[in-house]
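The values are calculated or read from the model by the stated rules, or taken from the named source; none is laboratory data. Predicted, not measured: the structure shown is a model, and the values here were computed from it. Every residue, glycine among them, receives a Cβ derived from its backbone with ideal geometry; neighbour counts consider all protein chains shown. These area figures cover heavy atoms from the full protein model, side chains too; ligands, DNA and RNA do not enter into them. Shrake-Rupley method; radii C 1.70, N 1.55, O 1.52, S 1.80 Å.
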Amino acid sequence: MTMNSVGRPTAPETAAAAPIGTFTGNRGLAVEEPLLFEIGRHDVTGVDLDEPGRFAPRLGAHMRRAPIDLPGLSEPEAVRHYVRLSQKNYAIDSGLYPLGSCTMKHNPRLNEKMARLPGIADIHPLQPLSTVSGAVELMAELGRWLLEMTGMRAVALSPKAGAHGELCGMMAIKAAVEARGEARPIVLVPESAHGTNPATAALLGFRVVPVPARADGTVDPEAVRKLLSPQVAAIMLTNPNTCGLFERDVVEIARAVHEAGAYFYCDGANFNAIVGKAKVGELGVDAMHINLHKTFSTPHGGGGPGAGPVVLSHRLAAFAPLPFVRMEAEGPRLVESEAELAEGETPFGRMVAFHGQMGMYVRALAYMLSHGADGLKQASEDAVLNANYVRAGLRDLFSQPFGDRPCMHEVLFDDSFLDGTGVTTLDFAKAMIDEGYHPMTMYFPLVVHGAMLIEPTESESKASLDLFVATLRDLAMRARAGETDRFKAAPRYAPRRRLDETRAARTPKLKWEPPAPFEQAAE
Ligand SMILES: *Cc1c(COP(=O)(O)O)cnc(C)c1O
């Protein structure tokens, strides 16, 4: 294997070559795949183009002087390259994906079918509104469901991810504070929060003040009260929180926050645990983002099209950004510009150029309509049941940081059950890869030492959970039996062994450099 000599481990160091030392570097039918640049050749192309006739180029000084230097591949070579890469990709369609707080649930194919209907898939954001009234109606219907489920007043559909939704909700809060002629520079964020919460507040120029966690993993209303002042604009609280626990004092916290003239932002990433069970509006929440790619089963995508609509209470509704859907006597109307605003509508601006991720709206609404109110509620109940089933299956071998009590949709363990074994949370996760499981969320939330956060979701069967639990039990017993090497050497069966993740993050190689030409190398 001389081809992949640049920027990546060469074959002998890889798992592929190590155990038997195959001639090709392949491992069974799992084919080692070099970069396109390493296998492509300049004299090959997948398409035959006629030589152009006589023509006078008009590019002037911009004309390319050297060959374009793109790797050429035949069509089957190109197809194989991408198919092989796709086979290295672990996905919810290939197995259980227990990432806590990410809600990696099944993406029903019905959603995909709906999103591909030509009348929906082929519309363009610049089309005249009169030609897309069905799409506007669909947005209105999605908004109606979100408001019904949350008990809130208004919805901003356009944010394109949970973090973007946080930004939107916090911008509404900032606008509301400014509209009152106040300056409130502080935002309270519990220690267990997702990193995006403090990042969002800081991005908007707020000073982030952490709220310590209680011994039971939840937020103490007394601790919040002590930190509240006329300087505080908002609290950003996740409920259920990232320890998988419901914040029981949420109503009291909301009351204290409102009495201090501040707003209550709820991180709704864990909404899957409470759909149909609790309306956040009734708990006193003023703004909450909803990750359609978590709770409502739209695909997460690799940095691809997410959607993080934000629901707003009556305190913030007027500040909802453009564009928004207004219900009028003739039907829903998409309000796109300042000129169309009515009395009492004071949007803080807009988050995106157009209307947000239409394809995700379609998928999420398809999920809602196919489940119905009772089905959505049951999905939440089953998600909580599955997490507790995993908890019950592991509780005698694993350690729960906040005591042996029921969790919501995800179960949190710490690493104290590995004390004295020499095995870390990271080693344990790598050994799970050898067993064919994507690891759980690790080392988050930060309030727990060596955290392992498992969220099976409602879409796993009992048989699937049983095998998962049995696997984790076997690993825990092997760790305790002193088989440390097995963990330190893991993963042995992945396409790559342990990577130097710190170095990869600090000195990433993002560009392929061609090897030195032959003559130069010989000098
Ligand atoms: C996923 C998540 C977010 C961010 O959502 P993205 O859609 O990934 O931007 C924020 N908070 C929590 C608790 C999350 O789990």
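In table form, for the structure just shown:
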item	result
Antiparallel DSSP beta bridges within the chain, percent to nearest 5	55
Förster-model FRET efficiency, 30 Å R0, residue 493 and residue 78, C-beta, rounded to 0.05	0.60
Extension gain, residue 93 back to residue 183 (0.36 nm per residue minus Cα-Cα distance, nm)	27.5 nm
Solvent-accessible area per residue, Å², over the chain with all protein chains present [probe radius 1.4 Å]	50
The chain: DSSP helices with Cα axial extent of at least 24 Å and average Kyte-Doolittle hydropathy no lower than -1.0	133-150, 162-179, 358-394, 462-480
Neighbourhood charge, 9 Å Cβ-Cβ cut-off, centred on residue 313 and excluding it, Lys, Arg +1 and Asp, Glu -1	+1
Whole-percent carbon and sulfur share, accessible surface of the chain, 1.4 Å	57
Percent antiparallel among DSSP beta bridges (both partners in the stretch 110-367, rounded to 5)	40
Mean-position separation - Cα centroids, the stretch 136-184 and the stretch 272-335, in angstrom	6
Spatially proximal lysines relative to residue 488 (Cα-Cα < 24 Å; intrachain offsets below 8 disregarded)	88, 430
By accessible area with a 1.4 Å probe, ligands and nucleic acids excluded, highest first: order of 39, 274	39, 274
Mean-position separation - Cα centroids, the stretch 444-523 and the stretch 58-135, in angstrom	26
Dipole in debye (nearest 20) - the chain, about Cα centre, beta carbon charges: Lys, Arg +1; Asp, Glu -1	440
Pairwise label distance in nanometres, residue 503 with residue 463, each label 7 Å out on the Cα-Cβ vector	4.4
Solvent exposure, largest accessible area first (probe 1.4 Å, DNA, RNA and ligands not counted), of 330, 191, 338, 33	330, 338, 191, 33
Computed [θ] at 222 nm, helices only, for the chain once each DSSP H run of length n ≥ 4 contributes -39500 (n - 2.57)	-10000 deg cm²/dmol
Difference of contour (0.36 nm per residue) and Cα-Cα distance, residue 226 to residue 326	32.0 nm
